[in-house]
Amino acid sequence: MSLPKIYEPHAYESDVYQAWEKSEAFLPKNRGDHRAFSLVMPPPNANGNLHIGHALTNAIQDVMVRFERMRGKASLYLPGADHAGFETWVVYEKQLTAQGKTRFDFSRSELYSQVWNFVEQNKEDMLAQLRELGASCDWSRFTYTLDEKVVATAYETFNKMWKDELIYRGERIVNYCTNHGTSFSDIEVVYKSDKSKLWYIDYPLSDGSGSIQVATTRPETMLGDTAVAVHPKDERYKKLVGKMVRLPLCDREIPIIEDEAIDPEFGTGAVKVTPAHDPNDYDIASRHNLEFVRIIDFEGKITDLAPKRFQGQSVEEAREHVVTALKKEGALAKEEDYEHSVGHCYKCDSVIEPLLKDQWFVKMAPLAKKAIEAIKNKDISFFPKSKGSQLLRYLENIRDWNISRQIAWGIPIPAYQNADDPNDWIFNSDVGQETLEIDGKTYKRDPDVFDTWFSSGQWPFVTLGYPKSSDYKHFYPLSVMETGGEILFQWVGRMIMLGLYITKNVPFKDVYIHGYVLDEHGAKMSKSKGNVIAPKEIIKEYGSDALRMGLIAGRSAGLNQGFSTAKIVGARNFCNKLWNAARFVESQCPEGYKLSKPHPKTMVDYWMLEQLRVKAQTITQKLENYQFTEAYETIYHLLWDDFADWYIEVSKHQLNKDVLAFGLINILKLAHPFAPFVTESIWRTLAWEKDMLIINGWPQLKYSYEKESKDFSRIQDVVSEIRYLRSQLHLTENNLYYKDSPFIKANADLIVALTGLLGCHEVSSGHGLHLTRANVDAWIDVEENAMRDYLIKLLEERDAHMEELKILETRLENKSYLKSAPHHIVEETRTKLAEKKNLIERFKDEVDFIEISLKRYL
RNA sequence: GGGUCUAUAGCUCAGUCGGCUAGAGCGUCUGGUUUACACCCAGAAGGUCGUAGGUUCGAGUCCUACUGGACCCACCA
């Protein structure tokens, strides 16, 4: 026998993967279905190890593509790697720090090439891990987010947007991390509840007629105040509007203005306005043409626009000093404990400073409008549906997008600024030089790089080689985008907007969103918590197939669910079951066996073929609807229950090699998307077909044996009841007797074999314990006290059936039910009623019979 | 503050157009060396489907409110 007793994944996995790759099975070839299927991998970070989320996402994607490939579609699964701008930068900078260096020791281009090399070192390792997971992607089309075509497309898009007036340069309040020295988009800021104080400050009126009190959580920003604002309808302050106040600690006068944005209920109803350091104040200031006074710089220090004694202090120091100074001046009216949310850097947790900075912005409203139309129009479908409406809400409220990032690692922004005229910017994609000389003018390159999402938002058409490649023609839009819910807005939303903007077409037809893999206790995995599970380790212990099935099992779209070792074990056992079923089949169809068309002879053959047909259909349907859990469950039970527990067991007594082999190969096919390694390993060992399983056709079983298969279902009923009785009554050596039953007679040997009875005999009369659940006239020879025990159970069961009978009867007596319910439902109820009556009759007979028998012996 | 998801067996979850006697895996209990597999086989127990209303002939499924859990967005001076 060529298959060993236990399936050892490691003995096969890497060989099988190499064989796939070598055979070019991953290339998208039309194998019988003219349609195309395309899927692009959300590129994992080139720099990192794969985490359990990658294992899930790639498992789902791989199931999709293997299914479609087997169906014969030209199926493209395009892999990639992400330079992961900021993420990688953070890792690299940590390494620099460890070496006692900082980024200021190097030029931008030096840094860039250093990080490039750093990433190159790690990339291969990451790709090897993808192979371990079994990802059947076309490596010849592998794309890195810094590949020339990606950069070129990003530049073209930037240029087009510039021309279309969707790009503008603006001094806006940005979310700035003074530690990392870069600004962030709104979605990269994490708000956290902070315990702080609310300070009440008196601002004296210039005319000496009193003062106005403001409340603030950031007293240090008063140094940059340029107004006090109140609500126009606030009666308390009506008279004060237009007057000037003298700003404490500073030698400045600022006006009292009115603005709708003020909430009269909050604090004192009067607000200090610091346009350069607060987004709302910035808006107010824009409306009222107020001055912008920057008193905090990009290092988080107080600038020389503030009074001398605070200059150079950190924000925190300044806060303390300002409060003390205000107290001294008697301007501080009171302070209260206060809890509010404060933005933090999602990487280093520093408090985000809202600062004014010149940045490139993308006008989002026009882009979002098209995306909203496409989603509402159902040009894109979401799984689960709710993700679509979440995205819609986001798009409907979208704000302009800051695409500038102040780090070295990324795609340089192709824009140059006139050294003599700050408002004169030109586009130039030749970013190799720091300065350009044009028409006698000197232009300096913008030192910033693009936000990663600017280029990766164009991923679907960039990777396919837009606009002229044949890949683009064949595979765009993508069939489906599979990714995690956490980047629905950042990535999915942007791909839709940019896809529509550039290609005039949606980038993908379906979006499948998966949730997080939480730890076993339902907590989010994180390095700091130490609850991270590495895919590598799981593969080592249980095999790659077990990992992917264990992750997919019991998981539904969009929901966060815990990792479960029990499920991995279950999946590993499934692989072993498959392996051993194959071993049995191999022993019955040894070397030299030739596959041939299955000809059903016995009832179990018909039944098996019918199970295969029905379940292949179910699996196909579930996979088409992205119901992976359900598809997996179906193949699991088809193999384990139908094939192994019934068909193989029966085969030990009545063998039909062709049906047996046919059953196995179809199960291997149906299981292949889920368990590619073990199924292909078996396939190769059996060597019944020349082609590899990966490109073999998906089962399409047309002949229905629905009627013929019913006979075996009867056998199953009889066998199950006998097993039940034997187990319940602890029967050991017993016989089955029957009279006038050609059905039992014809299957006597099989029944004996499957139940472990001593024998089965036809008699003209006799007594014993009758089968009641199965509709046959047969009984087992049983001792009296066993019968007595069983009588109680029988009575309980009978009563339960009577209750159910009652429910059915009442339902059928209900005139509204008969009137309103659909015909087939009513018919169904009638059939059930008849069956139930029949069953109860058998119970009654048996109860009577036992009672009489027992009495006779009393 | 706005929004989304979620509550079903001891645990983790299915349950798609409302039409069952509500399912699966794990765990538990009982019994098993049956010519693939103890990573196994046979059998069983275990549920007023979060609570309270409503719609309907009929609700785990639809509606309303409440309670618990998770998450997202916006952000309060």
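Per-residue answers, yes or no, for (1) within 15 Å of RNA strand B (Cβ to nearest atom); (2) outside any loop (DSSP other than H, G, I, E, B); (3) crowded, with 16+ Cβ neighbours inside 10 Å:
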| residue | (1), (2), (3) |
| --- | --- |
| A:Gln213 | yes, yes, yes |
| A:Lys238 | no, yes, no |
| A:Ile257 | yes, yes, yes |
| A:Arg287 | yes, yes, no |
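Only one residue in A:Val511, A:Val506, A:Val569 is aliphatic (A, V, I, L, M), at negative phi and within 19 Å of the chain's Cα centre (by Cα), so which one is that?
A:Val511
Anything in the stretch A:261-271 that is touching a helix residue (DSSP H, G or I) at 6+ places or on another chain (Cβ under 9 Å) and either over 30 Å from A:Thr178 (Cα atoms) or more than 6 Å from RNA strand B (Cβ to nearest atom) (or both)? List them, or say none.
A:Ala261, A:Pro264, A:Thr268, A:Gly269, A:Ala270 - these are the residues of the stretch A:261-271 that are touching a helix residue (DSSP H, G or I) at 6+ places or on another chain (Cβ under 9 Å) and either over 30 Å from A:Thr178 (Cα atoms) or more than 6 Å from RNA strand B (Cβ to nearest atom) (or both).
Could you identify the single residue in A:Tyr516, A:Tyr593 that is away from RNA strand B (no atom under 12 Å from the Cβ) and of a type in the set (Phe, Trp, Tyr)?
Testing whether each residue is away from RNA strand B (no atom under 12 Å from the Cβ) and of a type in the set (Phe, Trp, Tyr) leaves just A:Tyr593.
If you take the residues of the stretch A:87-134 that are at pLDDT below 85 and surrounded by 22 or more Cβ atoms within 10 Å (Cβ to Cβ), which of them is nearest to A:Gly181 (Cα to Cα)?
My answer is A:Trp89.
Among residues belonging to the stretch A:378-422 that are of a type in the set (Val, Ile, Thr) and over 24 Å from the mean Cα position of the chain (by Cα), point out the one that is nearest to RNA strand B (Cβ to nearest atom).
Of everything passing the filter in the stretch A:378-422, A:Ile403 is nearest to RNA strand B (Cβ to nearest atom).
A:Ile375 passes all but one of (1) among the aliphatic types (A, V, I, L, M); (2) touching a residue at least 60 places away in the same chain (Cβ under 8 Å); (3) in contact with a strand residue (DSSP E or B) (Cβ under 7 Å, 6 or more places away or on another chain); which number fails?
Here A:Ile375 meets the rest and fails (3).
Out of the residues in the stretch A:462-486 that are within 16 Å of RNA strand B (Cβ to nearest atom) and in contact (Cβ under 8 Å) with a residue 40 or more places away in the chain, state the one that is surrounded by the fewest Cβ atoms within 10 Å (Cβ to Cβ).
Checked the stretch A:462-486; the qualifying residue surrounded by the fewest Cβ atoms within 10 Å (Cβ to Cβ) is A:Gly485.
Tell me which residues, restricted to the stretch A:5-28, are within 16 Å of RNA strand B (Cβ to nearest atom), surrounded by 14 or more Cβ atoms within 10 Å (Cβ to Cβ) and not in a loop (DSSP other than H, G, I, E, B).
Across the stretch A:5-28, the qualifying residues are A:Pro9, A:Glu13.
If you go through the stretch A:278-298, how many residues are in contact (Cβ under 8 Å) with a residue 24 or more places away in the chain, charged (D, E, K, R) and within 17 Å of A:Thr217 (Cβ to Cβ)?
1
Failed condition for A:Arg548, given (1) closer than 28 Å to A:Ile60 by Cβ; (2) more than 12 Å from RNA strand B (Cβ to nearest atom); (3) of a type in the set (D, E, K, R); (4) not in a helix (DSSP H, G or I), with all others met?
(4)
For every residue, the table says whether it meets (1) out of contact with any helix residue (DSSP H, G or I) (no Cβ under 6 Å at 6 or more places or on another chain); (2) over 30 Å from A:Ala408 (Cβ atoms); (3) in a helix (DSSP H, G or I).
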{"position": "A:Pro447", "(1), (2), (3)": "yes, no, no"}
{"position": "A:Phe461", "(1), (2), (3)": "no, no, yes"}
{"position": "A:Pro467", "(1), (2), (3)": "yes, yes, no"}
{"position": "A:Asp471", "(1), (2), (3)": "yes, yes, yes"}
{"position": "A:His474", "(1), (2), (3)": "yes, yes, yes"}
{"position": "A:Val480", "(1), (2), (3)": "yes, yes, no"}
{"position": "A:Val492", "(1), (2), (3)": "yes, no, yes"}
{"position": "A:Leu498", "(1), (2), (3)": "yes, no, yes"}
{"position": "A:Asn505", "(1), (2), (3)": "yes, yes, no"}
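Given A:Glu586, A:Glu649, A:Glu624, which one is modelled with pLDDT under 95, of a type in the set (Asp, Glu) and within 10 Å of RNA strand B (Cβ to nearest atom)?
Selected residue: A:Glu586, the only one of A:Glu586, A:Glu649, A:Glu624 that is modelled with pLDDT under 95, of a type in the set (Asp, Glu) and within 10 Å of RNA strand B (Cβ to nearest atom).
Restricting attention to the stretch A:721-752, and to residues there that are over 16 Å from A:Trp779 (Cβ atoms) and within 10 Å of RNA strand B (Cβ to nearest atom), which single residue is modelled with the lowest pLDDT?
By that ranking, first place goes to A:Thr732.
Any chance the stretch A:304-314 includes a residue that's within 16 Å of RNA strand B (Cβ to nearest atom) and surrounded by 14 or more Cβ atoms within 10 Å (Cβ to Cβ)?
Within the stretch A:304-314, not a single residue is within 16 Å of RNA strand B (Cβ to nearest atom) and surrounded by 14 or more Cβ atoms within 10 Å (Cβ to Cβ).
Restricting to the stretch A:228-253, give me the number of residues that are among the aliphatic types (A, V, I, L, M) and free of Cβ contacts under 8 Å to residues at least 40 places away in the same chain.
3
Filter the stretch A:180-195 down to the residues that are buried (at least 16 other Cβ atoms within 10 Å of the Cβ) and not β-branched (Val, Ile, Thr) and list them by number.
Once the filter is applied, which keeps residues that are buried (at least 16 other Cβ atoms within 10 Å of the Cβ) and not β-branched (Val, Ile, Thr), the stretch A:180-195 yields A:His180, A:Ser183, A:Phe184, A:Ser185, A:Glu188.
As an exercise: evaluate A:Ala557 against (1) in a helix (DSSP H, G or I); (2) within 28 Å of the chain's Cα centre (by Cα) and give the number of the one condition it does not meet.
(1)
So which helices (runs of 4 or more DSSP H) are wholly in the stretch A:760-858 and hold at least 3 residues that are within 13 Å of RNA strand B (Cβ to nearest atom) and under 18 Å from A:Arg726 (Cα atoms)?
By residue number, A:784-813.
Of all residues in the stretch A:525-560, which are at positive phi and out of contact with any Asp or Glu (no Cβ under 9 Å at 6 or more places or on another chain)?
Selection gives A:Gly530, A:Gly558.
Considering only residues that are within 49 Å of the chain's Cα centre (by Cα) and surrounded by fewer than 17 Cβ atoms within 10 Å (Cβ to Cβ), which ones fall in the stretch A:315-327?
Those that are within 49 Å of the chain's Cα centre (by Cα) and surrounded by fewer than 17 Cβ atoms within 10 Å (Cβ to Cβ): A:Glu316, A:Glu317, A:Glu320.
For the stretch A:170-211, what are the residues that are more than 13 Å from RNA strand B (Cβ to nearest atom) and within 47 Å of the chain's Cα centre (by Cα)?
A:Gly170, A:Glu171, A:Tyr176, A:Cys177, A:Thr178, A:Asn179, A:His180, A:Gly181, A:Thr182, A:Ser183
Which residue, of A:Phe574, A:Phe563, is touching a residue at least 40 places away in the same chain (Cβ under 8 Å), of a type in the set (Phe, Trp, Tyr) and either under 21 Å from A:Lys5 (Cα atoms) or within 7 Å of RNA strand B (Cβ to nearest atom) (or both)?
A:Phe574
Taking A:Ala276, is it aliphatic (A, V, I, L, M) and within 10 Å of RNA strand B (Cβ to nearest atom)?
So A:Ala276 does not fit the description; no.
Mind telling me which of the residues A:Trp425, A:Trp459 ends up being within 25 Å of A:Glu148 (Cβ to Cβ), modelled with pLDDT of 90 or more and either within 16 Å of RNA strand B (Cβ to nearest atom) or within 32 Å of the chain's Cα centre (by Cα) (or both)?
Result: A:Trp459 is the single residue among A:Trp425, A:Trp459 that is within 25 Å of A:Glu148 (Cβ to Cβ), modelled with pLDDT of 90 or more and either within 16 Å of RNA strand B (Cβ to nearest atom) or within 32 Å of the chain's Cα centre (by Cα) (or both).
Can you give me the number of residues within the stretch A:18-28 that are free of Cβ contacts under 8 Å to residues at least 60 places away in the same chain and in contact with a strand residue (DSSP E or B) (Cβ under 6 Å, 6 or more places away or on another chain)?
The total comes to 0.
Out of curiosity, is A:Trp116 of a type outside the set (Asp, Glu), without any contact (Cβ under 8 Å) to a residue 60 or more places away in the chain, in a helix (DSSP H, G or I) and more than 16 Å from RNA strand B (Cβ to nearest atom)?
Yes; evaluated as a whole, the condition is true for this residue.
The values are calculated or read from the model by the stated rules, or taken from the named source; none is laboratory data. Note that this is a predicted model, so its numbers are computed, not measured. Cβ sites come from the backbone with ideal geometry, for glycine too, and all protein chains shown count toward neighbours.
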